[in-house]
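Encoded as structure tokens, the structure appears first; notes follow it.
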Amino acid sequence: MGAQKQRERGVIPDLTLDILQMNRKDRIEQAQAAIEVDQVLSEAQLARYYGLGPADLTGRLVTQAILRPSKNRSAHEVQQRVVVADRRVARLDDSNLNHRLTTAQMRLDLGIAADPERWRVEQRNALKLEVPDAIHITGDGERWAIEADTGQYNMPTILRKLQAFKDQEYAEIIWGTPSSVRVKNLTQKIGRDLRPTLKLTQWW
């Protein structure tokens, strides 16, 4: 399918189509910028959104990872090479690496540029559950809360986080999860007052 047809159908975000039509040097620059912002990119993300492989990004650390993308599907494992920003990120445990990849995938799915002024990844700890995984600042200055859910949250935690994001007056709450079953369950369980935009988010 041609790029224009894909753009018209909305199959691929406009940003991705624009990047894939760039020359190799510019695509590499775009991927390098993405790693600076997201800290990680999987082999699949590099191929799908930049038309590149890990070997194209000279000077970057590459780690081999075997991850379970969703806590609720313990038998599902994905083996991928992952390009990381630095040695600190390379030492992250599987859960944190998976979480960062999921957050990066949400940016890619939404077609948001790897611009630190528009996409701010939060360094959250367990004491600050009310802080989203990333914040998107739109061209109109709106703030969107971005939350990557890999199955580790129970329903009370989900509702508490959503209420906190609503109280902080985010214009949009985007909730991504790698499990289609979880998307369906959350759609049924979350009340309309707190319902975020739910997205199936798969980085592999």
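Laid out as a table, the results:
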item: Degrees, to the nearest 10: 24-38 long Cα axis against longest axis of the chain; result: 30 degrees
item: Residues with amide H under 5 Å from that of Ser179, placed H, sequence gap 5 or more; result: Thr201
item: Surface/4 of the Cα convex hull for region 48-204, nm²; result: 9.8 nm²
item: In region 81-153, trypsin sites (Lys or Arg not before Pro) in a DSSP loop with at most 12 other beta-carbon atoms within 10 Å; result: Arg91, Lys128
item: Antiparallel bridge percentage (DSSP; both residues within region 92-204; nearest 5); result: 45 percent
item: Karplus-derived HN-Hα couplings along region 174-180 (A = 6.51, B = -1.76, C = 1.60, θ = phi - 60°), whole Hz, x at Gly and Pro; result: 10, 10, x, 8, x, 10, 5
item: Size descriptor, Kirkwood hydrodynamic radius, that averages inverse alpha-carbon separations across region 116-189, Å; result: 13.0 Å
item: Residue order for Glu130, Glu36 - accessible surface, 1.4 angstrom probe, largest first; result: Glu36, Glu130
item: Solvent exposure of region 19-152 as accessible area per residue, Å², 1.4 Å probe; result: 49 Å²
item: Helix 94-110 axis, angle to the chain major axis (alpha carbon atoms, nearest 10°); result: 80 degrees
item: C-alpha long axis of helix 155-167 to longest principal axis of the chain, angle in °; result: 80 degrees
item: The chain: calculated mean residue ellipticity at 222 nm from DSSP helix runs of at least 4, using -39500 (n - 2.57); result: -11500 deg cm²/dmol
item: Rounded to the nearest 10 Å², the accessible area of Leu159 at probe 1.4 Å; result: 70 Å²
item: Fraction of beta bridges assigned by DSSP in the chain that are antiparallel (%, nearest 5); result: 65 percent
item: Estimated vicinal HN-Hα couplings, Hz - region 139-152 in sequence order (Karplus 6.51, -1.76, 1.60; Gly, Pro = x); result: x, 8, x, 6, 9, 10, 8, 10, 10, 9, 10, 9, x, 8
item: Sequence of Val183, Val89 when ordered by accessible area, the most exposed leading, probe 1.4 angstrom; result: Val183, Val89
item: Residue among Pro132, Pro69, Pro13 with the largest mean-square fluctuation in a Gaussian network model of the chain, springs linking Cα atoms under 10 Å; result: Pro13
item: 5 angstrom amide H check on Ser70, placed H, neighbours 5+ away; result: none
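The values are calculated or read from the model by the stated rules, or taken from the named source; none is laboratory data. Not measured: the values here are computed from a predicted model. When we count neighbours, we look across all protein chains shown, and the Cβ atoms used for this are built from the backbone with ideal geometry, even at glycine. Just so you know, the surface numbers come from the protein's heavy atoms only, side chains and all, with ligands and any DNA or RNA stripped out. Shrake-Rupley method; radii C 1.70, N 1.55, O 1.52, S 1.80 Å.
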